[in-house]
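A quick write-up on the structure given underneath.
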There are 2 protein chains.
Amino acid sequence: MEREILEIIRKRKSVRKFSDRTISDVQIKTLLEAGQQAPSVRNGQPWQYIVIKNQENKRALSALKGSWHPLSQSAVGLCMFVDLQEYPSTHKEFFAQDCAAATENILLTAAAMGIGSLWMGVYPNVTLEMAVKNILKVPAEKTVFNLIALGYETENERKAHRKEPIIYWECYGRSQ
Amino acid sequence: MEREILEIIRKRKSVRKFSDRTISDVQIKTLLEAGQQAPSVRNGQPWQYIVIKNQENKRALSALKGSWHPLSQSAVGLCMFVDLQEYPSTHKEFFAQDCAAATENILLTAAAMGIGSLWMGVYPNVTLEMAVKNILKVPAEKTVFNLIALGYETENERKAHRKEPIIYWECYGRSQ
(Lines give C-alpha, C1' and ligand atoms only; values in the text may rest on other atoms or scores of the structure.)
Protein backbone atom coordinates (compact mmCIF):
# COMPACT_ATOMS: atom_id res chain seq x y z
CA MET A 1 0.00 0.00 0.00
CA GLU A 2 2.99 2.30 0.50
CA ARG A 3 3.46 2.91 -3.21
CA GLU A 4 -0.23 3.74 -3.66
CA ILE A 5 -0.50 6.20 -0.78
CA LEU A 6 2.64 8.05 -1.84
CA GLU A 7 1.36 8.25 -5.40
CA ILE A 8 -1.97 9.70 -4.22
CA ILE A 9 -0.34 12.11 -1.75
CA ARG A 10 2.01 13.39 -4.45
CA LYS A 11 -0.82 13.61 -6.97
CA ARG A 12 -3.03 15.80 -4.76
CA LYS A 13 -2.60 19.45 -5.68
CA SER A 14 -4.65 22.62 -5.75
CA VAL A 15 -6.81 22.66 -8.88
CA ARG A 16 -8.21 25.98 -10.10
CA LYS A 17 -9.68 25.20 -13.53
CA PHE A 18 -12.60 22.85 -13.57
CA SER A 19 -14.51 21.28 -16.48
CA ASP A 20 -18.30 21.07 -16.47
CA ARG A 21 -18.24 17.32 -15.73
CA THR A 22 -20.46 16.63 -12.74
CA ILE A 23 -19.82 14.71 -9.53
CA SER A 24 -22.48 12.27 -8.34
CA ASP A 25 -24.06 12.21 -4.89
CA VAL A 26 -22.54 8.74 -4.40
CA GLN A 27 -19.08 10.21 -5.03
CA ILE A 28 -19.80 13.08 -2.62
CA LYS A 29 -20.87 10.67 0.10
CA THR A 30 -17.73 8.57 -0.42
CA LEU A 31 -15.62 11.71 0.07
CA LEU A 32 -17.46 12.69 3.25
CA GLU A 33 -17.20 9.16 4.62
CA ALA A 34 -13.43 9.45 4.10
CA GLY A 35 -13.46 12.72 6.04
CA GLN A 36 -15.31 11.01 8.88
CA GLN A 37 -12.44 8.54 9.34
CA ALA A 38 -9.99 11.31 10.31
CA PRO A 39 -8.62 11.48 13.84
CA SER A 40 -10.12 14.09 16.18
CA VAL A 41 -9.63 15.02 19.81
CA ARG A 42 -11.37 12.36 21.92
CA ASN A 43 -12.93 11.15 18.66
CA GLY A 44 -15.28 14.15 18.75
CA GLN A 45 -15.79 14.14 14.95
CA PRO A 46 -16.93 17.77 15.14
CA TRP A 47 -17.25 18.41 11.40
CA GLN A 48 -20.57 18.84 9.58
CA TYR A 49 -21.03 19.54 5.90
CA ILE A 50 -23.09 21.56 3.46
CA VAL A 51 -22.92 20.27 -0.13
CA ILE A 52 -23.34 23.11 -2.62
CA LYS A 53 -24.33 22.25 -6.18
CA ASN A 54 -26.54 25.28 -6.78
CA GLN A 55 -24.75 27.59 -9.24
CA GLU A 56 -26.08 30.74 -7.59
CA ASN A 57 -24.64 29.83 -4.19
CA LYS A 58 -21.30 28.75 -5.66
CA ARG A 59 -21.08 32.06 -7.54
CA ALA A 60 -22.02 34.12 -4.48
CA LEU A 61 -19.39 32.35 -2.34
CA SER A 62 -16.70 32.64 -5.02
CA ALA A 63 -17.26 36.41 -5.11
CA LEU A 64 -16.28 36.78 -1.44
CA LYS A 65 -12.55 36.51 -2.04
CA GLY A 66 -10.35 36.93 -5.12
CA SER A 67 -8.67 33.54 -4.81
CA TRP A 68 -12.03 31.79 -4.51
CA HIS A 69 -12.98 32.30 -8.17
CA PRO A 70 -12.44 28.57 -9.00
CA LEU A 71 -15.49 27.73 -6.86
CA SER A 72 -17.86 29.24 -9.43
CA GLN A 73 -16.62 26.76 -12.06
CA SER A 74 -16.45 23.76 -9.74
CA ALA A 75 -18.90 20.87 -9.90
CA VAL A 76 -19.51 20.87 -6.14
CA GLY A 77 -18.61 23.07 -3.23
CA LEU A 78 -18.34 21.77 0.31
CA CYS A 79 -18.65 23.89 3.43
CA MET A 80 -17.23 22.31 6.57
CA PHE A 81 -18.49 23.76 9.85
CA VAL A 82 -18.70 22.80 13.51
CA ASP A 83 -20.88 23.49 16.51
CA LEU A 84 -18.44 24.43 19.26
CA GLN A 85 -21.28 24.52 21.79
CA GLU A 86 -21.40 20.72 21.54
CA TYR A 87 -17.64 20.46 22.08
CA PRO A 88 -16.08 19.90 25.53
CA SER A 89 -14.54 23.23 26.50
CA THR A 90 -11.11 21.68 27.02
CA HIS A 91 -11.03 20.52 23.42
CA LYS A 92 -12.50 23.50 21.58
CA GLU A 93 -9.02 24.77 20.75
CA PHE A 94 -8.25 21.65 18.73
CA PHE A 95 -11.29 21.67 16.43
CA ALA A 96 -9.44 23.38 13.55
CA GLN A 97 -6.80 20.64 13.60
CA ASP A 98 -9.52 17.98 13.53
CA CYS A 99 -11.24 19.67 10.59
CA ALA A 100 -7.95 20.08 8.72
CA ALA A 101 -7.24 16.35 9.04
CA ALA A 102 -10.75 15.54 7.77
CA THR A 103 -10.22 17.97 4.88
CA GLU A 104 -6.96 16.27 3.92
CA ASN A 105 -8.74 12.88 3.88
CA ILE A 106 -11.34 14.34 1.52
CA LEU A 107 -8.75 15.92 -0.79
CA LEU A 108 -6.69 12.72 -0.97
CA THR A 109 -9.74 10.60 -1.68
CA ALA A 110 -10.78 13.06 -4.38
CA ALA A 111 -7.29 12.83 -5.93
CA ALA A 112 -7.51 9.04 -5.91
CA MET A 113 -10.88 9.31 -7.72
CA GLY A 114 -9.38 11.65 -10.31
CA ILE A 115 -11.26 14.63 -8.89
CA GLY A 116 -9.44 17.94 -8.44
CA SER A 117 -9.90 20.05 -5.34
CA LEU A 118 -9.14 23.43 -3.80
CA TRP A 119 -9.05 24.13 -0.04
CA MET A 120 -10.30 27.63 0.75
CA GLY A 121 -9.63 28.63 4.34
CA VAL A 122 -12.30 30.53 6.29
CA TYR A 123 -11.59 30.10 10.03
CA PRO A 124 -10.40 32.20 11.84
CA ASN A 125 -11.32 35.05 9.45
CA VAL A 126 -14.55 36.25 11.11
CA THR A 127 -15.56 38.70 8.38
CA LEU A 128 -15.31 36.00 5.72
CA GLU A 129 -17.08 33.55 8.00
CA MET A 130 -20.06 35.85 8.49
CA ALA A 131 -20.42 36.32 4.74
CA VAL A 132 -20.31 32.55 4.13
CA LYS A 133 -22.86 31.95 6.89
CA ASN A 134 -25.17 34.51 5.37
CA ILE A 135 -25.16 32.81 1.96
CA LEU A 136 -25.54 29.27 3.31
CA LYS A 137 -27.97 30.22 6.11
CA VAL A 138 -25.64 28.82 8.79
CA PRO A 139 -26.82 29.83 12.29
CA ALA A 140 -24.67 32.34 14.16
CA GLU A 141 -23.61 29.87 16.88
CA LYS A 142 -21.90 27.54 14.39
CA THR A 143 -18.30 28.04 13.27
CA VAL A 144 -17.45 27.73 9.57
CA PHE A 145 -14.07 26.07 9.06
CA ASN A 146 -13.51 26.10 5.29
CA LEU A 147 -14.87 25.67 1.80
CA ILE A 148 -13.65 23.00 -0.63
CA ALA A 149 -14.14 23.22 -4.41
CA LEU A 150 -14.37 19.89 -6.24
CA GLY A 151 -14.39 19.11 -9.94
CA TYR A 152 -12.52 17.52 -12.83
CA GLU A 153 -9.60 19.59 -14.03
CA THR A 154 -9.53 20.90 -17.60
CA GLU A 155 -5.78 21.04 -17.97
CA ASN A 156 -2.93 19.38 -16.15
CA GLU A 157 -2.11 22.14 -13.65
CA ARG A 158 1.32 21.95 -12.06
CA LYS A 159 1.64 21.08 -8.41
CA ALA A 160 3.47 23.82 -6.50
CA HIS A 161 7.10 22.98 -5.75
CA ARG A 162 7.90 21.17 -2.52
CA LYS A 163 11.15 21.82 -0.71
CA GLU A 164 13.08 19.11 1.12
CA PRO A 165 11.74 18.45 4.65
CA ILE A 166 13.69 20.23 7.39
CA ILE A 167 14.66 17.49 9.84
CA TYR A 168 16.59 17.57 13.11
CA TRP A 169 17.58 14.47 15.06
CA GLU A 170 16.97 13.97 18.80
CA CYS A 171 16.83 17.70 19.56
CA TYR A 172 16.54 21.05 17.77
CA GLY A 173 19.52 22.04 15.62
CA ARG A 174 21.19 18.62 15.48
CA SER A 175 21.73 17.12 12.01
CA GLN A 176 21.89 13.39 11.43
CA MET B 1 -6.86 4.09 -6.54
CA GLU B 2 -10.17 4.82 -4.81
CA ARG B 3 -10.31 1.40 -3.17
CA GLU B 4 -6.74 1.71 -1.86
CA ILE B 5 -7.11 5.20 -0.37
CA LEU B 6 -10.36 4.28 1.38
CA GLU B 7 -8.76 1.12 2.77
CA ILE B 8 -5.80 3.12 4.14
CA ILE B 9 -8.00 5.93 5.51
CA ARG B 10 -10.23 3.40 7.29
CA LYS B 11 -7.21 1.46 8.56
CA ARG B 12 -5.53 4.50 10.17
CA LYS B 13 -6.34 4.60 13.87
CA SER B 14 -4.78 5.70 17.12
CA VAL B 15 -2.34 3.04 18.31
CA ARG B 16 -1.29 3.02 21.96
CA LYS B 17 0.62 -0.24 22.40
CA PHE B 18 3.84 -0.57 20.47
CA SER B 19 6.22 -3.50 20.07
CA ASP B 20 10.00 -3.04 20.24
CA ARG B 21 10.36 -3.42 16.46
CA THR B 22 12.35 -0.46 15.13
CA ILE B 23 11.63 1.95 12.28
CA SER B 24 14.47 2.76 9.87
CA ASP B 25 15.68 6.23 8.94
CA VAL B 26 14.61 5.51 5.34
CA GLN B 27 11.06 4.84 6.58
CA ILE B 28 11.14 8.04 8.66
CA LYS B 29 12.25 10.10 5.66
CA THR B 30 9.50 8.57 3.52
CA LEU B 31 6.94 9.63 6.13
CA LEU B 32 8.28 13.19 6.30
CA GLU B 33 8.38 13.46 2.51
CA ALA B 34 4.68 12.51 2.55
CA GLY B 35 4.06 15.29 5.08
CA GLN B 36 5.83 17.75 2.81
CA GLN B 37 3.30 17.09 0.04
CA ALA B 38 0.41 18.47 2.12
CA PRO B 39 -1.33 21.69 1.09
CA SER B 40 -0.43 24.85 3.02
CA VAL B 41 -1.41 28.48 2.74
CA ARG B 42 0.46 29.96 -0.23
CA ASN B 43 2.51 26.75 -0.25
CA GLY B 44 4.38 28.01 2.82
CA GLN B 45 5.28 24.46 4.00
CA PRO B 46 5.88 25.86 7.50
CA TRP B 47 6.49 22.51 9.26
CA GLN B 48 9.88 21.37 10.55
CA TYR B 49 10.61 18.14 12.38
CA ILE B 50 12.60 16.68 15.22
CA VAL B 51 12.98 12.88 15.05
CA ILE B 52 13.24 11.37 18.53
CA LYS B 53 14.71 7.89 18.88
CA ASN B 54 16.54 8.50 22.17
CA GLN B 55 14.71 6.59 24.91
CA GLU B 56 15.42 9.22 27.55
CA ASN B 57 13.79 12.00 25.51
CA LYS B 58 10.80 9.83 24.60
CA ARG B 59 10.32 8.98 28.26
CA ALA B 60 10.65 12.59 29.41
CA LEU B 61 8.09 13.74 26.82
CA SER B 62 5.67 10.92 27.62
CA ALA B 63 5.70 11.98 31.28
CA LEU B 64 4.34 15.44 30.43
CA LYS B 65 0.74 14.27 29.98
CA GLY B 66 -1.14 11.17 31.08
CA SER B 67 -2.38 10.27 27.61
CA TRP B 68 1.12 10.51 26.18
CA HIS B 69 2.37 7.31 27.86
CA PRO B 70 2.43 5.39 24.53
CA LEU B 71 5.32 7.61 23.39
CA SER B 72 7.73 5.93 25.82
CA GLN B 73 7.09 2.56 24.14
CA SER B 74 7.09 3.87 20.58
CA ALA B 75 9.94 3.23 18.13
CA VAL B 76 10.14 6.87 17.08
CA GLY B 77 8.65 10.14 18.21
CA LEU B 78 8.22 13.10 15.88
CA CYS B 79 7.92 16.71 17.00
CA MET B 80 6.42 19.05 14.41
CA PHE B 81 7.14 22.74 14.93
CA VAL B 82 7.12 25.97 12.94
CA ASP B 83 8.87 29.32 12.92
CA LEU B 84 6.06 31.86 12.76
CA GLN B 85 8.58 34.68 12.36
CA GLU B 86 9.25 33.38 8.85
CA TYR B 87 5.53 33.28 8.07
CA PRO B 88 3.72 36.17 6.31
CA SER B 89 1.67 37.85 9.02
CA THR B 90 -1.57 37.42 7.06
CA HIS B 91 -1.13 33.66 7.04
CA LYS B 92 0.08 32.96 10.57
CA GLU B 93 -3.41 32.07 11.66
CA PHE B 94 -3.55 29.15 9.22
CA PHE B 95 -0.33 27.39 10.24
CA ALA B 96 -2.09 24.90 12.54
CA GLN B 97 -4.33 23.81 9.66
CA ASP B 98 -1.27 23.36 7.43
CA CYS B 99 0.48 21.28 10.09
CA ALA B 100 -2.63 19.17 10.71
CA ALA B 101 -2.86 18.31 7.00
CA ALA B 102 0.83 17.36 6.96
CA THR B 103 0.27 15.24 10.09
CA GLU B 104 -2.60 13.39 8.43
CA ASN B 105 -0.39 12.63 5.40
CA ILE B 106 2.21 11.17 7.76
CA LEU B 107 -0.33 9.09 9.69
CA LEU B 108 -1.91 7.71 6.51
CA THR B 109 1.48 6.84 5.01
CA ALA B 110 2.44 5.12 8.26
CA ALA B 111 -0.82 3.12 8.16
CA ALA B 112 -0.09 2.09 4.57
CA MET B 113 3.38 0.90 5.70
CA GLY B 114 1.84 -1.10 8.56
CA ILE B 115 3.15 1.36 11.16
CA GLY B 116 0.85 2.47 13.97
CA SER B 117 0.70 6.10 15.10
CA LEU B 118 -0.67 8.40 17.76
CA TRP B 119 -1.23 12.16 17.29
CA MET B 120 -0.55 14.08 20.51
CA GLY B 121 -1.71 17.70 20.31
CA VAL B 122 0.46 20.44 21.79
CA TYR B 123 -0.53 23.76 20.20
CA PRO B 124 -2.17 25.94 21.52
CA ASN B 125 -1.41 24.61 25.03
CA VAL B 126 1.43 26.97 26.00
CA THR B 127 2.37 25.20 29.25
CA LEU B 128 2.77 21.88 27.45
CA GLU B 129 4.60 23.58 24.62
CA MET B 130 7.18 25.11 26.96
CA ALA B 131 7.85 21.74 28.59
CA VAL B 132 8.32 20.07 25.16
CA LYS B 133 10.62 22.88 24.02
CA ASN B 134 12.71 22.46 27.13
CA ILE B 135 13.27 18.74 26.56
CA LEU B 136 14.00 19.07 22.83
CA LYS B 137 15.97 22.33 23.12
CA VAL B 138 13.60 24.15 20.77
CA PRO B 139 14.28 27.93 20.79
CA ALA B 140 11.63 30.12 22.40
CA GLU B 141 10.64 31.85 19.14
CA LYS B 142 9.54 28.58 17.49
CA THR B 143 6.02 27.17 17.94
CA VAL B 144 5.59 23.46 18.67
CA PHE B 145 2.54 22.03 16.92
CA ASN B 146 2.36 18.39 18.02
CA LEU B 147 4.10 15.13 18.79
CA ILE B 148 3.52 11.91 16.87
CA ALA B 149 4.36 8.45 18.25
CA LEU B 150 5.22 5.81 15.66
CA GLY B 151 5.71 2.07 16.04
CA TYR B 152 4.39 -1.37 15.21
CA GLU B 153 1.34 -2.33 17.21
CA THR B 154 1.47 -5.32 19.52
CA GLU B 155 -2.21 -6.15 19.40
CA ASN B 156 -4.98 -5.31 17.00
CA GLU B 157 -6.42 -2.26 18.78
CA ARG B 158 -9.94 -1.27 17.79
CA LYS B 159 -10.51 1.90 15.82
CA ALA B 160 -12.87 4.24 17.66
CA HIS B 161 -16.42 4.21 16.28
CA ARG B 162 -17.27 6.66 13.51
CA LYS B 163 -20.75 8.12 13.26
CA GLU B 164 -22.48 8.83 9.96
CA PRO B 165 -21.42 12.16 8.41
CA ILE B 166 -23.86 15.00 9.07
CA ILE B 167 -24.69 16.41 5.62
CA TYR B 168 -26.93 19.27 4.53
CA TRP B 169 -27.66 20.11 0.91
CA GLU B 170 -27.39 23.60 -0.63
CA CYS B 171 -27.83 25.40 2.69
CA TYR B 172 -27.82 24.69 6.42
CA GLY B 173 -30.67 22.54 7.71
CA ARG B 174 -31.83 21.19 4.36
CA SER B 175 -31.81 17.41 3.94
CA GLN B 176 -31.44 15.75 0.57
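Taking the criterion of being in contact (Cβ under 8 Å) with a residue 24 or more places away in the chain, assigned to a helix (DSSP H, G or I) and either more than 9 Å from chain A (Cβ to nearest Cβ) or of a type in the set (Val, Ile, Thr) (or both), the residues of the stretch B:2-26 that qualify are B:8, B:9. Does the stretch A:25-35 include one or more residues that are touching a helix residue (DSSP H, G or I) at 6+ places or on another chain (Cβ under 6 Å), within 20 Å of residue A:121 (Cα to Cα), surrounded by fewer than 19 Cβ atoms within 10 Å (Cβ to Cβ) and of a type in the set (A, V, I, L, M, F, W, C)? No - not one qualifying residue is present in the stretch A:25-35. Looking at the stretch B:27-43, which of the residues that are more than 21 Å from residue B:150 (Cα to Cα) and within 18 Å of the chain's Cα centre (by Cα) is farthest from the other protein chains (Cβ to nearest Cβ)? In this case the residue turns out to be B:40. Scanning the stretch B:116-158 for residues being touching a residue at least 12 places away in the same chain (Cβ under 8 Å) and surrounded by 15 or more Cβ atoms within 10 Å (Cβ to Cβ) gives a total of 28.
Does at least one position in the stretch B:22-41 carry a residue that is at pLDDT below 95 and out of contact with any Ser or Thr (no Cβ under 7 Å at 6 or more places or on another chain)?
Within the stretch B:22-41, the subset at pLDDT below 95 is B:41.
Narrowing further to those that are out of contact with any Ser or Thr (no Cβ under 7 Å at 6 or more places or on another chain): B:41.
The answer is yes, given that some residue of the stretch B:22-41 is at pLDDT below 95 and out of contact with any Ser or Thr (no Cβ under 7 Å at 6 or more places or on another chain).
Taking each residue of the stretch A:53-65 that is among the small types (Gly, Ala, Ser) and looking for partners that are in a loop (DSSP other than H, G, I, E, B) with beta-carbon atoms closer than 8 Å, six or more apart or interchain, yields A:62/A:69.
Scanning the stretch A:73-120 for residues that are more than 21 Å from residue A:11 (Cα to Cα), within 11 Å of chain B (Cβ to nearest Cβ) and out of contact with any Pro (no Cβ under 8 Å at 6 or more places or on another chain) turns up A:79, A:80, A:81, A:90, A:91, A:92, A:94, A:97. Only residues that are surrounded by fewer than 15 Cβ atoms within 10 Å (Cβ to Cβ) and either modelled with pLDDT of 90 or more or within 12 Å of residue B:47 (Cβ to Cβ) (or both) were counted in the stretch B:85-97, giving 1. Among the residues of the stretch A:56-70, none qualifies, meaning not one is polar (S, T, N, Q), modelled with pLDDT of 95 or more and surrounded by 24 or more Cβ atoms within 10 Å (Cβ to Cβ). Would you be able to say whether some residue in the stretch A:56-63 is of a type in the set (Lys, Arg), over 14 Å from the mean Cα position of the chain (by Cα) and either assigned to a helix (DSSP H, G or I) or closer than 28 Å to residue B:120 by Cβ (or both)? Yes.
Looking only at residues of the stretch B:1-21 that are among the aliphatic types (A, V, I, L, M) and at pLDDT 95 or above, we find that the one that is nearest to the chain's Cα centre (by Cα) is B:15.
Just for the stretch A:138-172: of the residues that are out of contact with any strand residue (DSSP E or B) (no Cβ under 9 Å at 6 or more places or on another chain) and facing chain B (nearest Cβ under 7 Å), which one is nearest to residue A:100 (Cα to Cα)?
Ranking the candidates gives A:162 first.
List the strands (runs of 3 or more DSSP E) inside the stretch B:72-176, counting only whole elements, that have at least 2 residues being small (Gly, Ala, Ser). Talk me through it step by step, then tell me what you get.
Working: elements: B:76-82, B:116-121, B:143-151, B:167-169.
Correct list: B:116-121, B:143-151.
The values are calculated or read from the model by the stated rules, or taken from the named source; none is laboratory data. Keep in mind the model is a prediction, meaning the values are calculated, not measured. Every residue, glycine among them, receives a Cβ derived from its backbone with ideal geometry; neighbour counts consider all protein chains shown.
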